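Participant: Please find one structure pasted underneath; my questions will follow.
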Protein chains: 2
Amino acid sequence: MHIQEFQKMMCKLYFHRDTARGVTGTYDWLVDEVRELGEALESNDKVAQEKEFADVVAWLASLANITNINLEKAALGKYDNKCPKCRRSPCECAF
Amino acid sequence: MHIQEFQKMMCKLYFHRDTARGVTGTYDWLVDEVRELGEALESNDKVAQEKEFADVVAWLASLANITNINLEKAALGKYDNKCPKCRRSPCECAF
């Protein structure tokens, strides 16, 4: 599924709730999901890790929806088959 | 671009660096990018916001690459055109 299509699906499912919650509340929820992803990564539970990755990308899409950002356009605007810093693929930036 | 295709592009660009940095270091960098996204959202700078959304999704893909998670499969496994809790579209969960 295209990133944009996933964002649209999240819009259909959750825009009414995301709008009511607002940008700050939705951002805070994203931070919480990132924390939960960190906890899952400390375990060996792949199913839990998949669910937490899903939640982070879902909340990121929700946040993009209520801030009028096209997540796919933003991602490809910066990462266009080259490292945005060294302009190489693979990246050759100094460590 | 498909979520999976974006993840593969990030793999090609950064897998060598992400592997060298490791899961904890890459997770910490993701957390930092989420913090920067929060700062950008407090401004009215749409270009900065787009760049920070790009960085968060890029680092999330990097983290998925080094933990052997298929981000698209994970996302669609949980969010399949229905809210995973109430099974409705749009979501009708109680607030």
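Participant: Averaging sequence separations of C-alpha pairs under 8 Å and six or more residues apart, then dividing by the length of segment A:13-66, give the relative contact order as a whole percent. Don't jump to the answer; show the numbers that get you there.
Facilitator: Values: 35 pairs, mean separation 29.1, N = 54.
For segment A:13-66, the relative contact order is 54 percent.
Participant: Pairs A:LYS85/B:LYS46; A:LYS78/B:LYS73; A:LYS82/B:LYS82: which are spaced more than 27 Å apart, C-alpha to C-alpha?
Facilitator: A:LYS82/B:LYS82
Participant: If you don't mind, there's one more thing I want to ask. Take peptide B:75-85, look around each residue's Cβ out to 10 angstrom, count Cβ atoms belonging to other protein chains, and average those counts.
Facilitator: For this peptide, the per-residue mean of nearby foreign Cβ atoms is 5.
Participant: At a probe radius of 1.4 Å, what is the per-residue accessible area of A:LEU30, in Å² to the nearest 10?
Facilitator: Its accessible surface works out to 0 Å², give or take rounding.
Participant: Once the Cβ-Cβ distance between B:ARG35 and A:GLU39 is put in as r, and R0 is 22 Å, what FRET efficiency do you end up with, to the nearest 0.05?
Facilitator: Calculated value: 0.75.
Participant: I've got another one for you. Which shape class, rounded, prolate or oblate, goes with chain A when its Cα gyration tensor gives a ≥ b ≥ c as root eigenvalues, a/c under 1.5 marks rounded, and past that a/b bigger than b/c marks prolate?
Facilitator: Verdict is oblate for chain A.
Participant: Moving on. At 27 Å minimum axial length over the Cα atoms and a Kyte-Doolittle cut of 0.0, report the qualifying DSSP H helices in chain B, or say none. Kindly include the intermediate steps, with their values, before the conclusion.
Facilitator: Working: long enough: B:3-41 (29 Å, -0.38); B:46-66 (30 Å, 0.45).
Helices passing the filter in chain B: B:46-66.
Participant: Further question: Using a Cα-Cα cut-off of under 13 Å, which aspartates and glutamates could be cross-linked to A:LYS12, ignoring same-chain neighbours fewer than 8 residues away?
Facilitator: Cross-link targets: B:ASP80, B:GLU92.
The values are calculated or read from the model by the stated rules, or taken from the named source; none is laboratory data. Predicted model only: the values in this text are computed from it and were never measured. FYI the Cβ positions are ideal-geometry reconstructions off the backbone, even for glycines, and counts take in every protein chain you see. We work out accessible area using only protein heavy atoms, side chains counted, and drop any ligands, DNA or RNA first. Shrake-Rupley method; radii C 1.70, N 1.55, O 1.52, S 1.80 Å.
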